[in-house]
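All remarks here apply to the structure that follows.
The values are calculated or read from the model by the stated rules, or taken from the named source; none is laboratory data. Just so you know, these numbers come straight off a predicted model, no measurement behind them. Quick reminder, even Gly has a Cβ in these numbers, built from the backbone with ideal geometry, and neighbours come from all protein chains shown.
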Amino acid sequence: MEIGVFTFGDVGGGDPARRLRELVEEIELADQVGLDVFGVGEHHRPEFAVSAPAVVLAAGAARTTRIRLTSAVTVLSSAVPVRLYQQFATLDLLSGGRAEIMVGRGSFIESFPLFGFDLRDYDALFAEKLELLLQIRETGATPEGHPVLPHPLQDPLPIWVAVGGTPESAVRAGALDLPMALAIIGGLPERFAPFAELHRRAAEQAGHERPALSINSHGYIADTAERALDESFPYVSEAMNRIGRERGWAPMTRADYDAAATLRGANFVGTPEQVVEKILFQHEIFGHDRFLVQFGVGGVPHEGVLRSIELLGREVAPVVRERLGSA
């Protein structure tokens, strides 16, 4: 299993310039401790520092040697597929063949008016632009025959589809022979098992091999479970409750947060041993190939994020790999 980290560059009321410098340090540490993947998401809101993932990942590429670098996610519905492909092909060349694109429809809508798109075209735009992006990857040119340059080192350049809670998205990814990243940030993880099955079944019916699956979740790791919960809860709850006020969610309580950190909950908050147990528990459900965890939700302090990355790379990942390898 590949194990890694993703982030939205949560500012947490701080300085975006400082947060971006910290983010590059986090990418560098993830590479040093042996993690496989680092993802950077796209947002257009004041609480997030990253609106241009490829730029941040290029800075990370210059300070790393082996870790794979992906968007997590690129909001494809409001992107320009030609330019997007050029950016990540360039990143692939800079990184020596370590770039990936993770596309999604996005859970926030700010990019639509920002780039002049109609939110009513939410689904149609994604389908249309994914088709164009895949055609560019296949042919190296636009439908009109204009070359799209530069060419990446990897052939093909990996493209993942991120899915939140729409079965049709899982089916589409499987039918197109694309790996899927399944976001689980609440509820019982086993309730998401049908999405993995739909993805695999659609691929099989289309004549493809079993596609790769990633589980993407929130988390935080510390030397004790109490410390992990105490240090992360104020930041995570503030961020989730702020979004909840916009969307009509009930406020997150400490009891809710503690419950989500248990074995059958959605969050990977606890000691390295607890995180290992939970990854293996979910692997029994999903049989997934990749696990990515977001440590900086709500602007958790940089020092805590660095410690979580170190524990994930040095204490969690080796045990998970050994256990799954043995299995």
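Numbers at a glance
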quantity: Which numbered condition Arg68 misses (of (1) over 26 Å from Thr139 (Cβ atoms); (2) in contact (Cβ under 8 Å) with a residue 40 or more places away in the chain; (3) basic (Lys, Arg)); calculated: (1)
quantity: Residue selected from the stretch 207-237 under the condition farther than 22 Å from Ala72 by Cα and touching a Gly at 6+ places or on another chain (Cβ under 7 Å), by the criterion surrounded by the fewest Cβ atoms within 10 Å (Cβ to Cβ); calculated: Ala225
quantity: Residue in the stretch 181-203 that is surrounded by fewer than 18 Cβ atoms within 10 Å (Cβ to Cβ), over 26 Å from Ile309 (Cβ atoms), touching a helix residue (DSSP H, G or I) at 6+ places or on another chain (Cβ under 6 Å) and in contact (Cβ under 8 Å) with a residue 40 or more places away in the chain present; calculated: yes
quantity: Wholly within the stretch 240-327, helices (runs of 4 or more DSSP H) carrying at least 1 residues that are under 15 Å from Ala30 (Cα atoms); calculated: 302-311, 317-326
quantity: Some residue of the stretch 294-302 being over 21 Å from Gly39 (Cα atoms), surrounded by 23 or more Cβ atoms within 10 Å (Cβ to Cβ) and modelled with pLDDT of 95 or more; calculated: no
quantity: Residue within the stretch 102-119 that is loosely packed, with under 14 Cβ neighbours inside 10 Å, part of a helix (DSSP H, G or I) and of a type in the set (Asp, Glu) present; calculated: no
quantity: Odd one out for Phe126 among (1) assigned to a helix (DSSP H, G or I); (2) within 20 Å of the chain's Cα centre (by Cα); (3) more than 17 Å from Met180 (Cβ to Cβ); calculated: (3)
quantity: Pair list, Cβ under 8 Å, 6 or more apart: the stretch 158-178 residue under 18 Å from Thr70 (Cα atoms) and at pLDDT 95 or above, other residue crowded, with 18+ Cβ neighbours inside 10 Å and among the hydroxyl-bearing types (Ser, Thr, Tyr); calculated: Pro158/Thr70; Trp160/Thr70; Trp160/Ser214; Val161/Ser169; Val163/Ser169
quantity: Any hit, the stretch 219-237, residues being closer than 22 Å to Asp289 by Cα, touching a Pro at 6+ places or on another chain (Cβ under 7 Å) and in contact (Cβ under 8 Å) with a residue 60 or more places away in the chain; calculated: yes
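Residues checked against (1) among the β-branched types (Val, Ile, Thr); (2) closer than 16 Å to Ala72 by Cα; (3) touching a residue at least 40 places away in the same chain (Cβ under 8 Å):
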site	(1), (2), (3)
Gly106	no, yes, yes
Pro113	no, no, no
Phe117	no, no, yes
Lys129	no, no, yes
Arg137	no, no, yes
Ala141	no, no, no
His146	no, no, no
